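Report on the structure given below.
Here, each number is a calculation from the coordinates, and none is a lab measurement. Because the structure is predicted, anything quoted here is derived from the model rather than measured. In this analysis, Cβ positions are derived from the backbone assuming ideal geometry, glycine residues included, and neighbour counts consider all displayed protein chains.
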Amino acid sequence: MDKEQHWEQVYTTKASDSVSWFQEHADQSLALIHHTGVSKASAIIDVGGGASILVDNLMEEGYSDLTVLDISSAALDVAKQRLKLHAESIQWIVGDITKVELEESRYDVWHDRAVFHFLTEPDDRQAYVEQVMRSVRPNGHVIIATFSEDGPEKCSGLPVRRYKPESLLAEFGENFLLVAHEKEAHNTPFGTVQQFVYCYCRKMNS
């Protein structure tokens, strides 16, 4: 089963609030987006956003240029149905972040909670970083959350890579400045705790 099939199966067989990464409110992500200081008109992409509540939270706060990308069309459908008519004002992209073509220098904020740690192959991580380099504007903001060094070794039946802030930044290279990082003990819907690390970086190249 390839990646697309795996995630389509997840979102067609499980309720969106019964997966381990479910959040009722994206507090940590919102706090870091606020920390960037970008305007409500700034372009924000949620990579792997799927059925996440973050886009709802951003809309409620008045952010108006929002994009949600996910490999699973079923995941995006969950969010669209939840948002009803509000979904029409959001750009939805179905695609693999290591392969999809994104507009050059389009985004002020790149947000990813729990995609990058699934990229266990070096070529996939390199392709991801190249996407960030191409599609995030100069001096733009990059917020990535992965499992921390004491987080799970697998998720949704797939192996993951775990990171410290320094090792995550090393994947991105010298064109990125680590501005802030913080831990999160995420409580899953089934009573377990997953340790995440959130890193906020600035893209420094011109």
Fewest to most Cβ atoms within 10 Å: 199, 155 sort as 155, 199
Result: in the chain the number of Lys pairs with C-alpha under 27 Å apart, spaced 8 or more or on different chains, is 22
Of 77, 65, 123, the most mobile residue in a GNM of the chain (C-alpha springs, cutoff 10 Å) is 123
Taking a crude spin-label model, label points 7 Å out from Cα along the C-beta direction, the residue 96 to residue 61 distance in nm is 3.3
Going from the fewest other Cβ atoms within 10 Å to the most, one would list 32, 158, 178, 102 as 158, 178, 102, 32
Plugging the Cβ-Cβ distance of residue 180 and residue 133 into 1/(1 + (r/R0)^6) at R0 = 22 Å yields, to the nearest 0.05, a FRET efficiency of 0.60
Under 19 Å by backbone N from the virtual spin label 7 Å along Cα-to-Cβ at residue 34, the residues of region 126-147 are 141-145
Expressed in µm² per second, the diffusion coefficient of the chain from the Stokes-Einstein equation, with Rh the Kirkwood radius over alpha carbon pairs, at 37 °C and 0.692 mPa s, is 193
Note on region 20-115: alpha-carbon gyration tensor, axes a ≥ b ≥ c; rule is a/c under 1.5 for rounded, else prolate if a/b larger than b/c, else oblate; result rounded
Neighbours of residue 32 by Cβ distance under 14 Å: Lys/Arg at +1, Asp/Glu at -1, summed charge -4
For 183, 80, ascending order of other Cβ atoms within 10 Å (fewest first) is 183, 80
